[in-house]
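The structure under discussion appears below in the form of structure tokens.
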Amino acid sequence: MTRTLQMFSNLRAQILSSQPADQQHRLSLCFDKLMADITRSLDQKNRDKFSNNLTRFRNEFRTR
């Protein structure tokens, strides 16, 4: 696992553990969707996809 992926996993775990137990599963699903179809490249299409996923992540977690 690369250092960046390990950092992401650690941050994800830290954020999940800081949430109430009843919210953790839903937040975990949001994190899964955040990284869906994201590759490890910096091309424009991939960055746009991540930006769209990030907006969806924020909106999904806030609205529920």
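Here, each number is a calculation from the coordinates, and none is a lab measurement. These figures come from a predicted structure and were not determined experimentally. Because the Cβ atoms are built from the backbone with ideal geometry, glycine has one as well, and the counts that use them run over all protein chains shown.
Every residue, every condition in (1) surrounded by 11 or more Cβ atoms within 10 Å (Cβ to Cβ); (2) of a type in the set (A, V, I, L, M, F, W, C); (3) part of a helix (DSSP H, G or I), yes or no:
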site: 26; (1), (2), (3): yes, no, yes
site: 31; (1), (2), (3): yes, yes, yes
site: 40; (1), (2), (3): no, no, no
site: 46; (1), (2), (3): yes, no, yes
site: 50; (1), (2), (3): yes, yes, yes
site: 54; (1), (2), (3): yes, yes, yes
site: 62; (1), (2), (3): no, no, yes
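Conditions first: (1) over 19 Å from residue 2 (Cβ atoms); (2) surrounded by 10 or more Cβ atoms within 10 Å (Cβ to Cβ). Residue 21 passes all but one, so which condition is the exception?
(2) is the only condition that residue 21 fails.
Any residue that is under 13 Å from the mean Cα position of the chain (by Cα) and among the hydroxyl-bearing types (Ser, Thr, Tyr) - is there at least one of those in the stretch 32-39?
Of the residues in the stretch 32-39, the ones under 13 Å from the mean Cα position of the chain (by Cα) are 32-38.
Narrowing further to those that are among the hydroxyl-bearing types (Ser, Thr, Tyr): none.
Within the stretch 32-39 (the criterion being under 13 Å from the mean Cα position of the chain (by Cα) and among the hydroxyl-bearing types (Ser, Thr, Tyr)), the answer is no, since none of the residues qualifies.
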